[in-house]
1. What's the total number of residues in the stretch 59-77 that are touching a residue at least 24 places away in the same chain (Cβ under 8 Å) and either part of a loop (DSSP other than H, G, I, E, B) or among the basic types (Lys, Arg) (or both)?
2. If only one of 98, 80 is free of Cβ contacts under 8 Å to residues at least 12 places away in the same chain and either buried (at least 20 other Cβ atoms within 10 Å of the Cβ) or in the same structural domain as residue 131 (by TED's automatic domain parsing) (or both), which one is it?
3. Right, residue 60: touching a Phe, Trp or Tyr at 6+ places or on another chain (Cβ under 6 Å) and acidic (Asp, Glu) or not?
4. Out of 102, 62, 82, 110, which single residue is β-branched (Val, Ile, Thr) and at pLDDT 90 or above?
Amino acid sequence: MREIKFRAWDFGTSEMIQVDDIQFRNPNTITVDGIEMKPKEVQFIMINTKTAWRIIDGEDAILMQYTGLKDKNGKEIYEGDILKHSEYGSCEVVNKFGGFGIEAKTSSWISSGFHSFSTRSADYEHCEVIGNIYEDGHLLGDRV
C-alpha cells in the first residue's frame, strides 16, 4: 500500500508547504469526530508543518497528493509536478479518472492527452521531476 502524503501551494505567500497534518475548519460549523461542511461557506485549512500550524483560507491553497512514486533520482512525485519524460517531453502530473498520470500536450496526436501510470509501471522510472506548475509553469512551454 502506498504512503498517503500531501503538500500545499499557498497562493497568499507563493510558497510550497510540506504538510504533516491537515484539519479543515468552518467557523460556522461544529465538528465532532469528523468534518461537517456546509456548502458555499468560508472554509479554512489548518496545515501543520512540524514547526507550526498555519491557517489558510480554503480558496488560497491547493493540496497536492503524493503519487507513491519516485523519479529516476529518487525524488517523490506529487500532483502538480512537472516531469521531463523521454517520450512526451515536459508534462504535468495529474490525478484524473481515479488515478495518477501525466498530461502531455504536444503537436503529435499520438502522444497528446492523459497517460496513466501505476506503481507497477516503469513509466515513471525514466522521468525526472524538474519543477511544479506553480513555481515553474514556464517549463511546460507552449502547450498545444
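The values are calculated or read from the model by the stated rules, or taken from the named source; none is laboratory data. All figures in this text were calculated on a predicted structure; none of them were measured in a lab. All Cβ positions, even for glycine, are placed from backbone atoms using ideal geometry, and neighbour counts span all protein chains on display.
1. Final tally of qualifying residues: 5.
2. Numbers: 80 fails: free of Cβ contacts under 8 Å to residues at least 12 places away in the same chain.
After applying the criteria, what remains is 98.
3. On the way: touching a Phe, Trp or Tyr at 6+ places or on another chain (Cβ under 6 Å): yes; acidic (Asp, Glu): yes.
So residue 60 fits the description; yes.
4. Details: 102 fails: at pLDDT 90 or above; 62 fails: at pLDDT 90 or above; 110 fails: at pLDDT 90 or above.
Step by step, each of 102, 62, 82, 110 is checked, and only 82 is β-branched (Val, Ile, Thr) and at pLDDT 90 or above.
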